[in-house]
Amino acid sequence: MDTLIDNVIAFVEAHRDWAFWIALLFALAETMPVISILIPSTAILVGVGALVATGGVDLGPIWAGASIGAILGSCFSWALGQRYGGWVLGRWPMSRDPMMAERGRAAFARWGGAALLVGHFFGPLRAVVFLMAGISRMPFHRFIPWDIAGALAWAFVIPKSGEIGGNVLGWLWTLVTG
């Protein structure tokens, strides 16, 4: 996985015009069930964000691409839940915990769309929260504003944390080396 992360970051550094598309692709993957478990998208987006600290890329295209990718992926996951929810619940890994769907319904009943905001930022939930919103029959008109708000915030915070980390490391390096 480390090789993939390093290669993607090196690619973005060498081809800064691709930053938007790379961010879109990995944010899309991060919000899709199963795929999000296989691809270290958050680590890649933090690493690409660190390039902002070096002046290698601008934050704007990364934020725009990650926002669009997160919205597309989460909407696709919601639609999967709406259309194939029963089938999905009968398959592994969902079938291992039959109460998962009920806990998901209860969370959406209790917190509504705020559960989507938390889902964008909490890694283990990110793979299933949007799918569960669809399975729970959350209406799209209630889903989409919360999803957009969460996607925009997540797509900013994740690469920005890489930028801040890069700035701190740069400051420390300057402090140590003079």
- Query: Would the stretch 159-168 turn up any residue that is closer than 19 Å to Ile71 by Cβ and buried (at least 16 other Cβ atoms within 10 Å of the Cβ)?
  - Reply: yes
- Is at least one residue of the stretch 136-146 of a type in the set (Ser, Thr, Tyr) and in a loop (DSSP other than H, G, I, E, B)? yes
- Query: In the stretch 111-129, is there at least one residue being over 30 Å from Asp6 (Cα atoms), touching a Leu at 6+ places or on another chain (Cβ under 8 Å) and touching a residue at least 24 places away in the same chain (Cβ under 8 Å)?
  - Reply: no
- Pairs only if they're at least six apart or on different chains, beta carbon under 8 angstrom, first in the stretch 18-38 and without any contact (Cβ under 8 Å) to a residue 12 or more places away in the chain and within 11 Å of Ser77 (Cβ to Cβ), second of a type in the set (Gly, Ala, Ser) and assigned to a helix (DSSP H, G or I); list them, first residue then second. Ile35/Ala29
- Message: Criterion first (buried (at least 20 other Cβ atoms within 10 Å of the Cβ) and either in a helix (DSSP H, G or I) or free of Cβ contacts under 8 Å to residues at least 60 places away in the same chain (or both)) does Gly150 satisfy it?
- Response: yes
- Task: Considering (1) over 13 Å from Ala155 (Cα atoms); (2) modelled with pLDDT of 90 or more; (3) not aromatic (Phe, Trp, Tyr), say which one Gly60 fails and leave the rest.
- Result: (1)
- Item | Criterion: crowded, with 22+ Cβ neighbours inside 10 Å and of a type in the set (A, V, I, L, M) - qualifying residue of Met99, Met132 | Met132
- Message: Just the residues that are loosely packed, with under 13 Cβ neighbours inside 10 Å and modelled with pLDDT of 75 or more, please, taken from the stretch 78-95.
- Response: Arg83, Gly86, Trp87
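The values are calculated or read from the model by the stated rules, or taken from the named source; none is laboratory data. It should be emphasised that the depicted structure is a prediction, and the values quoted were computed from it without experimental measurement. Reconstructed Cβ throughout: ideal geometry from the backbone, glycine too, with neighbour counts over all protein chains shown.
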